[in-house]
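Derivation of every value follows stated rules applied to the coordinates shown; laboratory data play no part. Given the structure is predicted, the values throughout are model-derived calculations rather than measurements. Positions of Cβ are generated from backbone atoms using ideal geometry, with glycine treated the same way; all protein chains shown enter the neighbour counts.
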Amino acid sequence: METQRRLRVVVKVGTSTLTHDTGRLNLHNMEHLARTLSDLEGMGHEIVLVSSGAIAIGTAKLGLPERPTELRDKQAVAAVGQCMMMHLYDKLFGEYNRVVAQILLTGEDVDAPVRAGHLRNTFASLLERGVIPVVNENDSVSSAEIETGQCKVLGDNDTLSAMVARLCGADLLVLLSDIDGLYNADPRKDPEAKLIHLVTKVTPELRAAAGGAGSWRGTGGMATKLNAAELAMEAGIDMVISNGSRPEDLYGIVDGEEIGTRFRAG
């Protein structure tokens, strides 16, 4: 990948990066991410941010002792959290003279051709104006479909980010996680686990090494990231998994450096 090439980049940030173990917002990570993405946009790259965190942020905002379990409560908490999250992004990106826009999606939005066409046009218009779209699943509407199995298009923001990358015609998808990348074993259990820097095909062996869900604050795990990688690679889009605690790694990732795990398309 050429260093000087201007890329359309979709960056997905997970709940575990946006919040502390207490469930409270990690303002340091959010500010660092906003500064890095603003600088990348200033370098000429087009940036789309897919952000998790609405339910976790809403849980903390309402002073609840733990994440709700009932669907109606999850949806209500998500509505509160989404409002606060966008307020913070608007403030943080505004410090660097960047404009953000909120886009909330459901499975039907990306699955229906007419709606998908409108979305492509919206993303194109925003990016042409130098606006950074901030995307999340519309949990207050779509969680019911996901949990009842009536709509399985989305359900996690790793998959959502891959769908957004395809809709946008992105050059690169980056998943910022709480781990450095894909390992050949679970590094939290196996001290001999080694980071895999390059993947050209998602194999059953990789899936076996992926393990289960991630942290308690989020719903995704390495398995959902492999699903996202397959979607991206099929569309000719490279995908990288890297550690969200180091947003500055995005500079090197955009330049094609060996950071995290890169799933190379084609």
With both bridge residues required to lie in the range 8-263, what share of the DSSP beta bridges run antiparallel, to the nearest 5%?
20
Residues Lys12, Lys61, sorted so that the one with the fewest Cβ neighbours within 10 Å comes first:
Lys61, Lys12
Using a Gaussian network model on the chain with a 10 Å cutoff between Cα atoms, which of Asp190, Asp171, Asp39 fluctuates the most?
Asp190
Out of Ala209, Ala112, Ala78, any idea which swings most in a Gaussian network model of the chain, alpha carbons joined below 10 Å?
Ala112
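Given the DSSP H assignment, sum -39500 (n - 2.57) over each helix run of at least 4 residues in the chain and divide by its residue total; what's the result at 222 nm in deg cm²/dmol, nearest 500?
Here the helix-only value at 222 nm equals -14000 deg cm²/dmol.
Compute the signed sum of charges (Lys and Arg +1, Asp and Glu -1) over the other residues within less than 9 Å, Cβ to Cβ, of Ile237. Present the calculation step by step, with values, prior to reporting the outcome.
On the way: positive: Arg166; negative: Asp171, Glu234, Asp238.
Value of the local net charge: -2.
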Does anything in the range 165-199 have its amide N under 17 Å from the 7 Å Cα→Cβ label point of Glu230, and if so which residues?
166, 199
Nitroxide proxy distance, nm - points 7 Å out along Cα→Cβ at Thr203 and Leu62:
4.6
Indicate the helices, whole DSSP H runs only, in the chain that combine a mean Kyte-Doolittle hydropathy of -1.0 or more with a Cα extent along their long axis of 20 angstrom or more.
27-42, 71-94, 113-128
Exposure proxy ranking, count of Cβ atoms within 10 Å, fewest first, for Met84, Met43
Met43, Met84
Which order, highest average first, do 99-109, 67-77, 236-246 follow once you tally other Cβ atoms within 10 Å for each residue and take the mean per peptide?
236-246, 99-109, 67-77
What is the extension gain from Lys194 to Arg5, computed as 0.36 nm multiplied by their sequence separation minus the C-alpha to C-alpha distance, in nm to one decimal?
64.9 nm
Less than 14 Å Cβ to Cβ from Val99, Lys/Arg counted +1 and Asp/Glu -1: what total charge do the surrounding residues give?
-2
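Test of understanding: what is the full-extension gain from Asp39 to Arg120, defined as 0.36 nm times their sequence separation minus their Cα-Cα distance?
Details: separation 81, 0.36 × 81 = 29.16 nm, distance 2.42 nm.
Length difference between fully extended and current span is 26.7 nm.
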Assuming 0.36 nm per residue, please report the length gained on full extension of the stretch Glu108 to Arg129 beyond their Cα-Cα distance.
4.9 nm
